[in-house]
Amino acid sequence: MFDTIRALIPRDPDYPPRVATLDLLRRTLNGTLYDVLPYQFHEERSASGEYIPLRDRRPSVRYALPRIVVEDSVALLFSEGHFPAIDSPDADIRGFFADLVQETGLNEIMIDAAIRGSIGSVALLLRILKGRVFVSVLDSIFLTPVWQTEAPDTLASVTERYKVQGAVLAAQGYAIEDLGADYWFMRRWDAEAETWFQPWPVSWPAELAPEIDAARTLSHDLGFVPLVWIRNLPGGTGLGGGEIDGAATFRAAIETGIEIDY
């Protein structure tokens, strides 16, 4: 049944294969895997009276086993009483980092990151704005990391690139000619800057380089990429696997969850 559902989910050839894999796993985690099936469970007959096979109908009840597996495992990491303690012989350092954890809401952020990253990977973005520290969770599905050649455990850059409708970009202040067309949105983080690019139509030839959006680009000159890339579990093969992504926490529960639902 899982393969049947997977075959119904459209794949965009403009994206790398891992995007389709992570999208499938994210649908499973969020409980939207069955939304591609055209009929509700109670619809046994079509308008013409033909019998509708069970594989074309959504289940009557959704037990959400993959979500339960993930939330139970995350509770052992960052729930109350499990969040890592700050340890230092210096009381000032302990106090500083305790205040930082509270100010940034790091406990909730790490819970969010662990749940969203259970599909294979997740990224944490660090920003310091007007003397305040902010940590944001970024879904990795449209992010592509590049590691330094001589330090393969250190990020050289991370690029975010995905399709968005022109009307959405226009609402954000971009000058868009065709509101109904699809555009590429892209930004890149490296050791010197957060570089934004002007959106460009998906129909443009692939060899055309996008134009830098100077108004939105920010130079930080930190000397390092202000993101942390987190691979989920080791042994990343098959669904959610590869050098970029780890294995999904709930991979072994997917088929069992579908059987329970039906």
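Where a number appears in this text, it was derived from the coordinates with a stated rule and is not lab data. Given the structure is predicted, the values throughout are model-derived calculations rather than measurements. Cβ atoms come from the backbone with ideal geometry, glycine included; neighbour counts cover every protein chain shown.
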Got a sec? Charge dipole of segment 121-231, +1 on Cβ for Lys and Arg, -1 for Asp and Glu; which of A214, T159, L126 is way out at the positive end? L126
Among V69, I86, Y15, flag the residue with its Cα farthest along the positive direction of the charge dipole of the chain, charges on Cβ as +1 for Lys/Arg and -1 for Asp/Glu. V69
Take the Cα atoms of the chain, build their convex hull, and give its volume per residue in Å³. 189 Å³
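Hey, got the dipole for segment 121-231? About the Cα centre, +1 on K and R Cβ, -1 on D and E Cβ, debye to the nearest 20? If you can, show how the numbers build up before the last one.
Numbers: 9 positive and 14 negative charges, 96 e Å.
Approximately 460 debye in magnitude.
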For the charge dipole of the chain, defined by +1 on Lys and Arg C-beta atoms and -1 on Asp and Glu C-beta atoms about the Cα centroid, which residue among T28, W200, L138 has the Cα displaced farthest towards the positive pole? T28
Fewest Cβ neighbours within 10 Å first, please rank L8, L125, L143 accordingly. L8, L125, L143
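Rounded to the nearest 0.05, what FRET efficiency do E108 and D139 give with R0 = 25 Å and r taken as the Cβ-Cβ distance? Could you check? Please list the in-between numbers first.
On the way: r = 17 Å, r/R0 = 0.66.
Efficiency, from the Cβ-Cβ distance: 0.90.
Answer rounded, prolate or oblate for segment 1-90, using the Cα gyration tensor with square roots of eigenvalues a ≥ b ≥ c: rounded when a/c is under 1.5, else prolate when a/b is larger than b/c, else oblate.
oblate
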What's the FRET efficiency of W147 with Y63 using the Cβ-Cβ distance as r and R₀ = 25 Å, to the nearest 0.05? 0.05
Ranked on Cβ counts within 10 Å of their own Cβ, fewest leading, V122, V61, V202, V137 go V61, V202, V137, V122
At T159 and I9, where each label point lies 7 Å from the Cα along Cα→Cβ, what is the point-to-point distance in nanometres? 2.4 nm
Let a ≥ b ≥ c be the square roots of the eigenvalues of the Cα gyration tensor of segment 107-234; is it rounded (a/c under 1.5), or, if not, prolate (a/b larger than b/c) or oblate? prolate
Got a sec? How would S79, S219 order by Cβ neighbour count within 10 Å, fewest to most? S219, S79
With a length cut of 18 Å (Cα positions projected on each helix's long axis) and a Kyte-Doolittle mean of at least 1.0, go through the chain and give me the DSSP H helices that pass. 65-78
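About the Cα centre, and with charges only on the beta carbon of Lys, Arg (+1) and Asp, Glu (-1), how big is the dipole of the chain? Nearest 20 debye, please. Write out the running numbers ahead of the final one.
Working: 23 positive and 38 negative charges, 101 e Å.
The calculated dipole for the chain is roughly 480 debye.
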Longest to shortest principal axis, alpha-carbon extents of segment 6-148, angstrom: 75, 36, 26
